[in-house]
1. With labels modelled as points extended 7 Å from the Cα through the Cβ direction, what inter-label distance (nm, one decimal) is found for L113 paired with W95?
2. Can you work out the FRET efficiency for the pair R48 and R77, with r the C-beta to C-beta distance and R0 = 41 Å, to the nearest 0.05?
3. Compute the Rg/Rh shape ratio of the chain: radius of gyration over Kirkwood radius, all on alpha-carbon atoms.
4. Mind checking the full-extension length gain between L85 and L65? Use 0.36 nm per residue of separation minus the Cα-Cα distance, one decimal, nm.
5. Rounded to the nearest 10 degrees, what's the angle between the helix 101-137 long axis and the longest principal axis of the chain, both from Cα atoms, 0 to 90?
6. What spacing in nm lies between the two simple spin-label points modelled at A134 and A20, each 7 Å away from Cα in the Cβ direction?
7. Whose amide H sits under 5 Å from the amide H of N71, counting only residues 5 or more places off or on another chain, with H placed in the peptide plane?
8. If I fit a long axis through the Cα atoms of helix 73-96 and take the longest principal axis of the Cα atoms of the chain, what angle between them do I get, 0 to 90°, rounded to 10?
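Nothing in this text is a laboratory measurement; each read-out follows from the coordinates by a stated rule. Quick caveat, the model's predicted, so the values are computed rather than measured. So basically every Cβ, Gly included, is an ideal-geometry build from the backbone, and we count neighbours across all protein chains shown.
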Amino acid sequence: MTSAPASPDARPQTFDHGVAATRWLATGSLLALIVLCLAWELVLAPVRPGGSWLAVKALPLCIPLAGILKNRMYTYRWVSLVIWLYFIEGVVRGWGDKPPSQWLAWGEVALCLVLFTACTLHVRLRQRNAKAAAAAANPVH
């Protein structure tokens with residue numbers, strides 16, 4: 001007895017859920033990181049009372065937001081590299097600052113790790129989907 005062949009679209013659909021999940025995770029963690037940076041330097045634990053110019057560090061995070069929302073592969077790739085600058089800042093300030101700034105710094109580190117993971121998984125899943133689609137379109141005889 002032979003079992004019914006699986007739908008040719010079964011594998012890409014499975015990965016589509018992963019792509020959508022990683023896209024939302026990347027978007028959410030990027031937005032959370034922007035909000036954290038602004039709140040940290042303006043309200044929660046500014047370096048100087050009344051806020052500091054360190055809040056400007058949130059501006060570069062706004063640049064990839066459009067590319068992530070438009071689902072551009074290139075953006076996911078370069079964000080996964082640039083985010084390490086924020087990770088380093090979080091580790092340094094998490095190690096050297098006093099609470100509550102220290103807690104916010106470790107929150108920044110956590111968000112950076114989530115964003116990096118989401119971006120790298122997103123790229124891998126999309127590449128895997130592209131290979132599967134190419135293999136389905138050009139079956140080897």
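1. 1.6
2. Details: r = 36 Å, r/R0 = 0.89.
The pair R48/R77 has a calculated efficiency of 0.65.
3. Working: Rg = 19.9 Å, Rh = 17.0 Å.
Computed over Cα atoms, the ratio is 1.17.
4. Working: separation 20, 0.36 × 20 = 7.20 nm, distance 1.67 nm.
My answer for the length gained is 5.5 nm.
5. That works out to roughly 20 degrees.
6. Spacing of the two 7 Å Cα→Cβ label points: 2.6 nm.
7. none
8. Its long axis makes an angle of about 30 degrees.
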